[in-house]
Every structure is written in C-alpha cells, then in structure tokens.
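Undergrad: Would you mind keeping the following structure in view while I ask a few things?
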Number of protein chains: 2
Amino acid sequence: MEQFILHPRLARDSMYVASLRLCQVRLINNQDFIWFILVPRIDDLTHFIDLSSDHQKILFKEINQVAQILTQAFSPERLNIASLGNVVEQMHWHIIVRYQDDKAWPDPVWGRSFVPYDAAYQSDIISRFLTVFQNYEAS
Amino acid sequence: MEQFILHPRLARDSMYVASLRLCQVRLINNQDFIWFILVPRIDDLTHFIDLSSDHQKILFKEINQVAQILTQAFSPERLNIASLGNVVEQMHWHIIVRYQDDKAWPDPVWGRSFVPYDAAYQSDIISRFLTVFQNYEAS
C-alpha cells in the first residue's frame with residue numbers, strides 16, 4: 001500500500017498509471033503531449049542528492065525502463081527527461097515524448113496551458129503504455 | 001585524450017571545465033545562470049536508451065557527483081537536471097543552479113537570450129567548481 005503523500009498539485013495535474021518498485025508512474029493531464037512523470041514514493045524528498053545511493057540506482061533504472069516503454073509504445077523523435085522542482089518541490093521526474101510537429105517543438109513543454117484529455121484519448125494512451133509495461137513485467 | 005567530436009553549437013555556447021570518467025563538464029556561457037552541462041564522450045549518441053547499462057550507471061554517478069559539487073560550491077535552492085536534445089541532438093545533461101531570485105524563476109532557463117560572461121566572473125565560477133571538484137578527486 002502506498003503510504004506516501006502525493007503533492008496536491010501533482011495529484012490534480014496527473015493521473016495514476018502504474019507503480020514501479022520505487023516510483024509511481026503518472027500521466028500529466030495535457031493532451032498536447034504524451035507526458036509522464038515518475039514520483040519516488042518517499043516523503044519529504046526534494047533534492048536529488050538527498051536520495052540514498054541505492055534509491056538513486058533504482059530511480060535511474062526506472063527512468064530507463066519508462067524511457068524504453070515510451071520508445072516502444074509511442075516512437076518518439078526525442079524523449080525529454082528532467083527533474084526541475086521549481087514549482088512543485090516534491091521530487092518528480094518528467095519523461096516526455098517529443099515529436100518535431102508537437103505543439104512546443106523545439107521548446108520545452110513547461111509553462112504552457114494544459115489542454116485536459118479527452119477521456120477516450122487518455123485511456124488509449126494509458127492502455128498503450130500498460131500493454132508494453134506488462135510485457136516488461138512478464139519478461 | 002579526447003577523440004570524440006563535440007557538437008559545434010555546444011562548443012560555441014559553453015566552455016571546458018573538467019573531464020570525468022565518461023563525461024566532459026562544461027559551463028554554458030550565460031552569466032544569468034550557473035549552468036553546467038555534462039557531455040558523455042561517446043560519438044553519435046542521442047537517445048538515453050542507446051547508452052549501455054554500464055554507461056548509464058557511470059553517467060548517473062557523474063550527475064550525482066556534479067550535483068554534489070554544485071550544491072557545496074553554490075548553495076542552490078534547486079538544481080534542475082535535464083536531458084532534452086530538441087535543439088542539439090548530441091546527448092548532454094543540463095545541471096543548473098537555481099535561486100528564487102534568478103532571472104527565470106520559477107520558469108525553466110531554456111529559450112532565453114544568453115548574456116555572455118564577464119571574464120572575471122566566469123573564472124570565479126569555474127574556480128569555485130574546481131576547488132570542490134579537486135577535493136572530491138583527492139578524497
């Protein structure tokens with residue numbers, strides 16, 4: 001069971017997709033981009049260097065796993081991978097599928113208005129993620 | 001000796017600071033921010049998932065090392081850590097010292113005009129980095 005407290009802004013702006021060993025995987029509610037975040041289930045964590053060396057290793061493994069899944073599921077031209085924390089201090093890593101014809105290219109995606117998902121499209125994105133994810137878990 | 005070819009845009013926009021086992025450490029030539037990049041010395045590398053598992057481990061160790069050094073040298077309020085690649089396809093990781101009174105806060109730093117360093121200030125930033133770096137190397 002997840003005991004950790006998700007920052008209310010992350011809870012509002014994203015929805016639950018899956019749990020890895022360390023992180024919760026969530027989808028940002030903005031259909032302009034296929035934009036996932038990984039949130040380590042550790043309370044009061046802001047700074048990368050405050051993670052233990054073991055947790056850092058697991059985190060990077062999970063970043064790699066999600067990057068592999070997104071590559072297979074969505075064939076991005078680039079993946080943007082980032083931890084900023086300027087607005088929400090709870091540590092979270094963005095992993096964002098980018099295409100050269102997306103709404104922000106070549107700029108970063110942050111700081112733009114969100115366009116909330118159409119329910120059918122959101123459920124399609126999540127099920128494409130989970131299909132590849134379940135193959136990984138099973139392999 | 002470094003055989004790898006640095007992207008001309010990275011060569012133009014940043015200056016050499018130090019070499020780690022895998023990455024070159026460089027300082028972006030914009031005095032509005034204390035903004036370092038790590039460039040793995042591997043040719044034709046764009047996508048994170050194309051790094052071998054061993055290289056990923058070293059890269060993340062070096063990200064952590066530079067994050068520790070920047071924390072000690074510059075007492076950031078946040079560190080932004082990111083690999084985007086939208087403009088320059090050669091893999092590079094940004095590690096950026098952020099303060100709540102900096103020129104972009106709370107926005108990300110990308111997409112703003114660069115203010116080239118005053119030489120004395122640049123040399124001060126680099127020497128503060130290298131002082132802490134050399135203590136790490138010696139310890």
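The values are calculated or read from the model by the stated rules, or taken from the named source; none is laboratory data. No experiment lies behind these values; they were computed from the predicted model shown. Here the Cβ is made from the backbone with ideal geometry for all residues, glycine too, and neighbour counts use every protein chain on show. With ligands, DNA and RNA removed, areas are computed over all heavy atoms of the protein, side chains included. Shrake-Rupley method; radii C 1.70, N 1.55, O 1.52, S 1.80 Å.
Undergrad: I need a count of the residues in the range B:1-32 that are within 19 Å of A:A82 (Cβ to Cβ) and open to solvent by 70 Å² or more (accessible area, probe 1.4 Å).
TA: Residues that pass the stated criteria total 0.
Undergrad: Now a separate question. If A:T131 satisfies all but one of (1) more than 28 Å from A:L45 (Cβ to Cβ); (2) in a loop (DSSP other than H, G, I, E, B); (3) touching a residue at least 40 places away in the same chain (Cβ under 8 Å), what's the number of the condition it fails?
TA: Against the list (1) more than 28 Å from A:L45 (Cβ to Cβ); (2) in a loop (DSSP other than H, G, I, E, B); (3) touching a residue at least 40 places away in the same chain (Cβ under 8 Å), A:T131 comes up short only on (2).
Undergrad: Among the residues of the range A:88-96, are any of a type in the set (A, V, I, L, M), under 19 Å from B:H47 (Cβ atoms) and either in contact with a strand residue (DSSP E or B) (Cβ under 9 Å, 6 or more places away or on another chain) or open to solvent by 10 Å² or more (accessible area, probe 1.4 Å) (or both)?
TA: Scanning the range A:88-96 turns up at least one residue that is of a type in the set (A, V, I, L, M), under 19 Å from B:H47 (Cβ atoms) and either in contact with a strand residue (DSSP E or B) (Cβ under 9 Å, 6 or more places away or on another chain) or open to solvent by 10 Å² or more (accessible area, probe 1.4 Å) (or both).
Undergrad: If I ask for residues that are at pLDDT below 95 and either among the charged types (D, E, K, R) or touching a Lys or Arg at 6+ places or on another chain (Cβ under 7 Å) (or both), which ones from the range B:113-139 would you list?
TA: B:E137
Undergrad: Kindly indicate whether B:P40 is of a type outside the set (A, V, I, L, M, F, W, C) and within 13 Å of the chain's Cα centre (by Cα).
TA: yes
Undergrad: Scan the range A:97-109 residue by residue and report those that are within 9 Å of chain B (Cβ to nearest Cβ), crowded, with 19+ Cβ neighbours inside 10 Å and in contact with an Asp or Glu (Cβ under 9 Å, 6 or more places away or on another chain).
TA: A:R98
Undergrad: Can you name the residue in the range A:38-51 that is within 14 Å of another protein chain (Cβ to nearest Cβ) and assigned to a loop (DSSP other than H, G, I, E, B) and is also most open to solvent (accessible area, probe 1.4 Å) among such residues?
TA: Looking at residues that are within 14 Å of another protein chain (Cβ to nearest Cβ) and assigned to a loop (DSSP other than H, G, I, E, B), I get A:H47.
Undergrad: In the range B:97-121, what count of residues is obtained for those that are in contact (Cβ under 8 Å) with a residue 60 or more places away in the chain and outside any loop (DSSP other than H, G, I, E, B)?
TA: Final tally of qualifying residues: 3.
Undergrad: Take the residues in the range B:52-67 that are touching a residue at least 12 places away in the same chain (Cβ under 8 Å) and more than 20 Å from A:P76 (Cβ to Cβ), then tell me which one is nearest to the other protein chains (Cβ to nearest Cβ).
TA: This residue is B:A67.
Undergrad: Identify, please: which residue in the range B:75-95 is among the polar types (S, T, N, Q) and assigned to a loop (DSSP other than H, G, I, E, B) and is, among those, nearest to A:A104 (Cα to Cα)?
TA: Out of the qualifying residues, it is B:N86.
Undergrad: A further question on this structure: Is there any pair with a first residue in the range B:68-96 that is within 7 Å of chain A (Cβ to nearest Cβ) and free of Cβ contacts under 8 Å to residues at least 12 places away in the same chain and a second that is crowded, with 21+ Cβ neighbours inside 10 Å and of a type in the set (K, R) whose Cβ atoms are under 7 Å apart and which are 6 or more apart or on different chains, and what are they?
TA: Partner pairs satisfying both residue conditions: B:N86/A:R78; B:N86/A:R98.
Undergrad: Further, regarding this structure: Considering only the range B:114-138, state which residues are surrounded by fewer than 11 Cβ atoms within 10 Å (Cβ to Cβ) and among the hydrophobic types (A, V, I, L, M, F, W, C).
TA: If the condition is that a residue be surrounded by fewer than 11 Cβ atoms within 10 Å (Cβ to Cβ) and among the hydrophobic types (A, V, I, L, M, F, W, C), then B:A119, B:A120, B:A138 are the ones that fit.
Undergrad: Could I ask something else about it? A:W35 - would you say it is open to solvent by 50 Å² or more (accessible area, probe 1.4 Å), in contact with a strand residue (DSSP E or B) (Cβ under 7 Å, 6 or more places away or on another chain) and either in contact (Cβ under 8 Å) with a residue 12 or more places away in the chain or not in a helix (DSSP H, G or I) (or both)?
TA: On the way: open to solvent by 50 Å² or more (accessible area, probe 1.4 Å): no; in contact with a strand residue (DSSP E or B) (Cβ under 7 Å, 6 or more places away or on another chain): yes; either in contact (Cβ under 8 Å) with a residue 12 or more places away in the chain or not in a helix (DSSP H, G or I) (or both): yes.
Criteria not met by A:W35.
Undergrad: I need the full set of residues from the range A:97-128 which are under 25 Å from A:H47 (Cα atoms) and in contact with a Leu (Cβ under 8 Å, 6 or more places away or on another chain), in order please.
TA: Residues satisfying the conditions are A:V97, A:P108, A:W110.
Undergrad: Give the residues of the range A:66-81 that are out of contact with any Pro (no Cβ under 8 Å at 6 or more places or on another chain) and over 15 Å from B:T46 (Cα atoms), sorted by residue number.
TA: Taking the range A:66-81 as the starting set, the residues that turn out to be out of contact with any Pro (no Cβ under 8 Å at 6 or more places or on another chain) are A:66-69, A:71-79, A:81.
Listed by number, the residues that qualify are A:V66, A:I69, A:Q72, A:A73, A:F74.
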